[in-house]
Every structure is written in C-alpha cells, then in structure tokens.
1. Take the residues in region 22-71 that are crowded, with 24+ Cβ neighbours inside 10 Å and of a type in the set (Val, Ile, Thr), then tell me which one is nearest to ARG86 (Cα to Cα).
2. Scan region 107-117 residue by residue and report those that are assigned to a helix (DSSP H, G or I) and either buried (at least 22 other Cβ atoms within 10 Å of the Cβ) or among the hydrophobic types (A, V, I, L, M, F, W, C) (or both).
3. Do we find that ALA73 is closer than 17 Å to GLY228 by Cα, at pLDDT 95 or above and out of contact with any Gly (no Cβ under 8 Å at 6 or more places or on another chain) in this structure?
4. Can you tell me which residues in region 93-106 are crowded, with 18+ Cβ neighbours inside 10 Å and either touching an Asp or Glu at 6+ places or on another chain (Cβ under 9 Å) or assigned to a loop (DSSP other than H, G, I, E, B) (or both)?
5. If we scan region 1-20, do we find a residue that is closer than 23 Å to GLY176 by Cα, in contact with a helix residue (DSSP H, G or I) (Cβ under 6 Å, 6 or more places away or on another chain) and either modelled with pLDDT under 95 or among the aliphatic types (A, V, I, L, M) (or both)?
6. Within region 126-164, how many residues are of a type in the set (Val, Ile, Thr), surrounded by fewer than 22 Cβ atoms within 10 Å (Cβ to Cβ) and closer than 23 Å to HIS84 by Cα?
7. Select, from ALA45, ALA79, ALA9, ALA35, the only residue that is touching a strand residue (DSSP E or B) at 6+ places or on another chain (Cβ under 9 Å) and either without any contact (Cβ under 8 Å) to a residue 24 or more places away in the chain or among the small types (Gly, Ala, Ser) (or both).
8. If you go through region 123-139 one residue at a time, do you hit one that is of a type outside the set (A, V, I, L, M) and touching an Asp or Glu at 6+ places or on another chain (Cβ under 6 Å)?
Amino acid sequence: MSRITDTFAELQSKGRKALIPYVTAGFPFADITPALMHGMVEAGADVIELGVPFSDPMADGPVIQKAGEKALALGIGMAQVLGHVREFRQRNDKTPVVLMGYANPVERYDQIHGAGAFVRDAAAAGVDGVLIVDYPPEECEAFAASLRAQDMDLIFLLAPTSTEARMQQVARVASGYVYYVSLKGVTGSGALDTAAVEAMLPTIRKHVHIPVGVGFGIRDAATAQAIGRVADAVVIGSRIIQLIEDQPHEKVVAVTVDFLRGVRKALDA
C-alpha cells in the first residue's frame, strides 16, 4: 500500500479533505525546493505535487510554463528533481510526493540510465506517485504495474469532456487518486464553476473508486473551501507560482506558508 493511500485513509477517518499544493521543482531558485516542500507540510499540506520542468507542456498555462522555463534555465532536470525528493525525505518520511509532468523527461531518463531506471530511482528517492499528462491509460498498464510493484501510484487526469468510457479506462489503471481538471483549458485559466464540478463528481465516482482531487482554477481559501465540500482533495498550483515568482530567496517559503495556512483553515472550517 502506498503512502498516498494511507494518507487519504487517515484523512477520511477524521472527516478532513486533502490539501495538495503544486510547485515547479527548481523554481524560483534552483536550491529552494526541499525547504519549500517542508514549509508546505508545516502549513498543512497532505500531499505535495512536484512539477518536473519540461520545454513543451500541453496542460500548463502561461504561469507554470514560465516557471518551467526558468527552472530549465537553472539546470533543473529529472535527476535534480529526484535529488530534491531525496533531500526532503531526510527529514520527512510521511508526506506523499507526486511527480507531475510529461512523458519526455521520464523516457529520456530511461534512455540515459537504462530501461526501468526512472521507476527504480524514483522509488529509491522516496517518490509516491507519478502523474504523466500525456500517458493515456490504455497505453501504460505495464508502467502502472512497475510503479505499483514499488508501492507507487499512477495518477490520471479526468476533464469535463471525459466520457464514461474514458472514466472506466482510467479506473482500471489508476491508483492513489484521480485528478479532475475543473476547467476546459490549461492551468490557471478561466473562472471556477463549483456547481459544474459538483454535478460531475457523482458520474466520476460511479466508475472511479479511489479519491478524487480537483484542480485548475482554485486560487484562494474561498474556492478551495467550496471544492472541498464536494471533492476529496483540493489541488492548488498556479496561484502559488504567482505568489513566489518575484519574491527574494528568503521570503519564498514564508509567503507560501502564509497562503497555504489560510487555505488549510478554510478547508477545515
């Protein structure tokens, strides 16, 4: 059983919802990520999504694209991301860490280090889950099995346009949780329609019997609280990136902690 499953079970037993902040690894400074991860936990994060920088993202809006470009310019690749997780694990062996990104960096890592190297090294670093935006469920059953063998979960996106057939395909392969994209479009775009999210979740839960997190468009404590009433988890990314992108090194963690504490308080209210 993965740390993600354990975490959701513990939260459910307490009637609480998961707070899942996202940050791009190596942004806004190459060395900031482990300290930022610890700050997020201190502020009430239950799971951390760590973005793997990639030059050609398809789901990320301009805010996260810009963060990824800066991280790449600072020399952050998959090896450095795994290093951040290893460093985080020196002081925290409980909070689940999910790598979110694209197929190219994963497959390139295996090209360089040998077949199966990514799964092996991610497990050794302390990664708990992987969300690969451009891996369709029907093409990665073997990858999912290799992750499960290391107690890691393969997490999938569902969207407002997902059919029930697609939900069934995802349900066969996914573990940990599924990530429901609340908007048509990219991260950080549009206004969140909580009624539409609430209307969609029963259909998802009819097919998917693991927790459902909701992200894209959650920007503050109020929207987080509204989504927390209907979802199992709330994912916040673009807003955090915006808050820290122009901060000096010494303020990045404090600004993030202050913001997330407000969200945590609203979720628990």
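The values are calculated or read from the model by the stated rules, or taken from the named source; none is laboratory data. From a predicted model like this one, the values you see are computed outputs, not experimental measurements. With ideal geometry, Cβ positions are generated from the backbone for all residues, glycine too; neighbour counts draw on all protein chains shown.
1. Of everything passing the filter in region 22-71, THR33 is nearest to ARG86 (Cα to Cα).
2. ILE112, ALA117
3. When the stated conditions are applied, ALA73 does not pass them.
4. THR95, PRO96, VAL97, VAL98, LEU99, MET100, TYR102
5. Residues of region 1-20 closer than 23 Å to GLY176 by Cα: 1-20.
Then drop every residue that is not in contact with a helix residue (DSSP H, G or I) (Cβ under 6 Å, 6 or more places away or on another chain), which leaves 17-19.
When the remaining residues are screened for being either modelled with pLDDT under 95 or among the aliphatic types (A, V, I, L, M) (or both), the result is 18-19.
Yes.
6. Adding up the residues that qualify gives 1.
7. On the way: ALA79 fails: touching a strand residue (DSSP E or B) at 6+ places or on another chain (Cβ under 9 Å); ALA9 fails: touching a strand residue (DSSP E or B) at 6+ places or on another chain (Cβ under 9 Å); ALA35 fails: touching a strand residue (DSSP E or B) at 6+ places or on another chain (Cβ under 9 Å).
Exactly one residue qualifies, and that residue is ALA45.
8. Checked against the condition, which is being of a type outside the set (A, V, I, L, M) and touching an Asp or Glu at 6+ places or on another chain (Cβ under 6 Å), region 123-139 yields at least one hit.
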